[in-house]
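Remarks on the structure that follows.
The values are calculated or read from the model by the stated rules, or taken from the named source; none is laboratory data. Predicted, not measured: the structure shown is a model, and the values here were computed from it. All Cβ positions, even for glycine, are placed from backbone atoms using ideal geometry, and neighbour counts span all protein chains on display.
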Amino acid sequence: MATDAPPPPGSTDGDPVQPTTEAFAAVQESAEFAELRRAHRSFAFPLTVAFVSWYLLYVLLCNYAGGFMSTQVVGNINMALVLGLAQFATTFLIAWLYSRHAARKLDPKAAAIKSRMEADA
């Protein structure tokens, strides 16, 4: 378009100037990035361990506790079906919790780092 601003110096074909490798390394070593990484890990690791444990418990119950898993809950619905559907519910719950956590804690920190890097480039 004729109304577009000219590209920044050092860019090609209108692409924005990219930070250097040294700039990325400096940000990676910064306290701000360490805090972002800690905020992500403190949420993701415990929930991952909890979900994998819950999944393995379900698999073990299916393999070794057939009597318990075949217990009728309501009509033809047994414990295996209830716990299997709970696996799906747990997956969606974790995804929802992570999206809330990311929006509140991770995205603002990442946006601040990104904007600082773009301003320095």
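If you go through the stretch 50-69 and keep only what is surrounded by 11 or more Cβ atoms within 10 Å (Cβ to Cβ) and hydroxyl-bearing (Ser, Thr, Tyr), you end up with TYR55, TYR58. Looking across the stretch 34-61, the residues that are of a type in the set (A, V, I, L, M) and under 30 Å from ALA80 (Cα atoms) come down to ALA44, LEU47, VAL49, ALA50, VAL52, LEU56, LEU57, VAL59, LEU60, LEU61.
Note on the stretch 19-58: residues that are β-branched (Val, Ile, Thr) and within 26 Å of ARG100 (Cβ to Cβ) amount to 4. The residue list THR3, THR48 contains one member that is β-branched (Val, Ile, Thr) and modelled with pLDDT of 95 or more, which is THR48. Does any residue of the stretch 6-20 turn out to be assigned to a helix (DSSP H, G or I), of a type in the set (Gly, Ala, Ser) and either modelled with pLDDT of 95 or more or at negative phi (or both)? No; the residues of the stretch 6-20 include none that is assigned to a helix (DSSP H, G or I), of a type in the set (Gly, Ala, Ser) and either modelled with pLDDT of 95 or more or at negative phi (or both).
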